[in-house]
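Take a look at the structure below.
The values are calculated or read from the model by the stated rules, or taken from the named source; none is laboratory data. Here the structure is a predicted model, which means the values were calculated and not measured. For neighbour counting, all protein chains shown are included, and Cβ atoms are generated from backbone atoms with ideal geometry for every residue, glycine included. Ligands, DNA and RNA are stripped out before the accessible areas are found, and what is left, the full protein with its side chains, is counted by its heavy atoms. Shrake-Rupley method; radii C 1.70, N 1.55, O 1.52, S 1.80 Å.
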Amino acid sequence: MSWDFLPAWPPEINTLVIFGLVLWAGLVGGELAHRSRYVPRITGYIAIGFLLGPSVLDVFTRSMVAGAGIFVDTALGLILFQIGRRLHVPSLRSDRAVLATALAECFASFVAVYWVLTAFGFPPVHAAIAAAIGISSSPAVMLLVMREFDAQGPVSERALTMIAINNLLAFFFFIAVLPWLHQEQRADWVVALLHPLYQVAGSLLLAYVLAHLTIRLGQLIGHRDSAQFALLVGVIVLAVGMAQALHVSILLTLLSLGVLCRNLDRRQALLEVEFGHGGDIFFVVLFVVAGANLHLEELARAGLLAIAFVLARFIAKSAVVFVAGRYSGLSSTQSFGLGLSLVPMAAMAIGLLKMTEELYPGAASLTTTVLAAIAILETVGPLAVLWGLRLAGEIRPEARLDH
């Protein structure tokens, strides 16, 4: 008698099972954090992912975490598209103080991290890659904390604009260092020049084409919320898939797509759609997986280097933002709160580090140091944003939303 109709044992854990388990775990962790009244849900997502991940209980094994990759990429796409739409070029022209502050703090953080790492004996090219990654800040942490605690005000808006600029500049600083990285590996000079150019040109061209198509479709379907929601989710998923197929940067493609959809849409065919609960599902998965990817052994191995990276980055960004804020209408507490909102570092940093590992598998010290720094900043980042927005007076002291 054949028993083929029965499932294999142990049952195969497919992608949908992983998605469901990760989502359930994240909801539990987020709710426990939220009930504390003082810790944002995102901290709970990361903590439960770390607890159930390979470093502790190993419920979410490395293969399961890798299997959630498509959902992580989709979440990154949603976040980067949203933050890209915050960059309105005419507004930046009229408010040059924000643009100047963002450029100054990006340059300062690059110099500070590079100087500290080379002082510790890091190879210059590795220090430059790490410093470029350190320019980035996490838009997802900022968006989720703002939504959970209903934060509104000039600091929140300025922080989102600066985070968008940070991520764009982090990518371009990284691309500028790539030829140096290729040279270190004795790659052909044609490859050293063409690979960075292809990454930038291919990503921008893909974003430009998709932005035009999206705007045209927006004009066709009109201002119906449900149709616009489907349109934007569709183009984001399409952009992620096409970027993977064309071997261009998902990060730059989605960030540029958001910027272009905002600035090329002169007839306002596209609505300001909030992704709401549908987007939150992917954000929960993103941060549970981020928590599962935290490894204590990497943090212990990097030790002082990771701490030096974190401190140099924080001091540089905060000092520039504090001084510039005082000259652009912000109070001392608002300026310090704005500096705290730039502390988290996650999505863009992980993406750039992954690209580095693919190009340069032998850079173990670089990978370990940056991963350890990301682990620290992912852990303290949500709390830093919450404290910063409270300090700036954009969250009520007793605020706790039930939604």
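Quick check on the stretch 199-240: of everything there that is hydroxyl-bearing (Ser, Thr, Tyr) and modelled with pLDDT of 90 or more, which residue is most open to solvent (accessible area, probe 1.4 Å)?
From the stretch 199-240, those hydroxyl-bearing (Ser, Thr, Tyr) are 203, 208, 214, 226; that's our starting set.
Filter once more, keeping what is modelled with pLDDT of 90 or more: 203, 208, 214.
Working: 203: 0, 208: 108, 214: 3 Å².
Checking each candidate, the answer is 208.
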Any residue in the stretch 159-174 that is within 12 Å of residue 349 (Cα to Cα) sitting within a Cβ distance under 7 Å of a residue that is open to solvent by 10 Å² or more (accessible area, probe 1.4 Å) and part of a helix (DSSP H, G or I)? List the pairs, counting only those 6 or more apart or interchain.
171/251
Against the condition closer than 16 Å to residue 78 by Cα and either within 21 Å of the chain's Cα centre (by Cα) or free of Cβ contacts under 8 Å to residues at least 40 places away in the same chain (or both), how does residue 230 come out, does it pass?
yes
Report, by residue number, each residue of the stretch 353-385 that is of a type in the set (Gly, Ala, Ser), out of contact with any helix residue (DSSP H, G or I) (no Cβ under 6 Å at 6 or more places or on another chain) and in a helix (DSSP H, G or I).
364, 365
I'd like the full set of residues that are outside any loop (DSSP other than H, G, I, E, B) and surrounded by fewer than 22 Cβ atoms within 10 Å (Cβ to Cβ), limited to the stretch 20-46.
20, 21, 23, 24, 27, 28, 31, 32, 34, 35
Answer yes or no: is there a residue in the stretch 377-397 that is buried (at least 22 other Cβ atoms within 10 Å of the Cβ) and among the polar types (S, T, N, Q).
no
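Identify all residues within the stretch 108-154 that are of a type outside the set (Phe, Trp, Tyr), surrounded by fewer than 20 Cβ atoms within 10 Å (Cβ to Cβ) and closer than 20 Å to residue 320 by Cα; write none if there are none. Outline the logic, then answer.
Of the stretch 108-154, the ones of a type outside the set (Phe, Trp, Tyr) are 108-109, 111-113, 116-119, 121, 123-148, 150-154.
When the remaining residues are screened for being surrounded by fewer than 20 Cβ atoms within 10 Å (Cβ to Cβ), the result is 111, 118-119, 121, 123-125, 147, 150, 152-154.
Those that are of a type outside the set (Phe, Trp, Tyr), surrounded by fewer than 20 Cβ atoms within 10 Å (Cβ to Cβ) and closer than 20 Å to residue 320 by Cα: 111, 154.
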Within the stretch 55-80, how many residues turn out to be under 22 Å from residue 299 (Cα atoms), part of a helix (DSSP H, G or I) and open to solvent by 30 Å² or more (accessible area, probe 1.4 Å)?
3
Every pair of residues 6+ apart whose Cβ atoms lie under 9 Å, when the first sits in the stretch 209-221 and is farther than 12 Å from residue 235 by Cα while the second is of a type in the set (Ser, Thr, Tyr) and open to solvent by less than 50 Å² (accessible area, probe 1.4 Å)
none
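When only residues in the stretch 258-309 that are among the charged types (D, E, K, R) and surrounded by 14 or more Cβ atoms within 10 Å (Cβ to Cβ) count, which is modelled with the lowest pLDDT? Before the answer, list the steps.
The initial filter retains those residues of the stretch 258-309 that are among the charged types (D, E, K, R), namely 262, 265-267, 272, 274, 280, 297-298, 301.
Filter again for surrounded by 14 or more Cβ atoms within 10 Å (Cβ to Cβ), leaving 262, 265, 280, 298, 301.
Details: 262: 92, 265: 92, 280: 75, 298: 69, 301: 73.
Out of the qualifying residues, it is 298.
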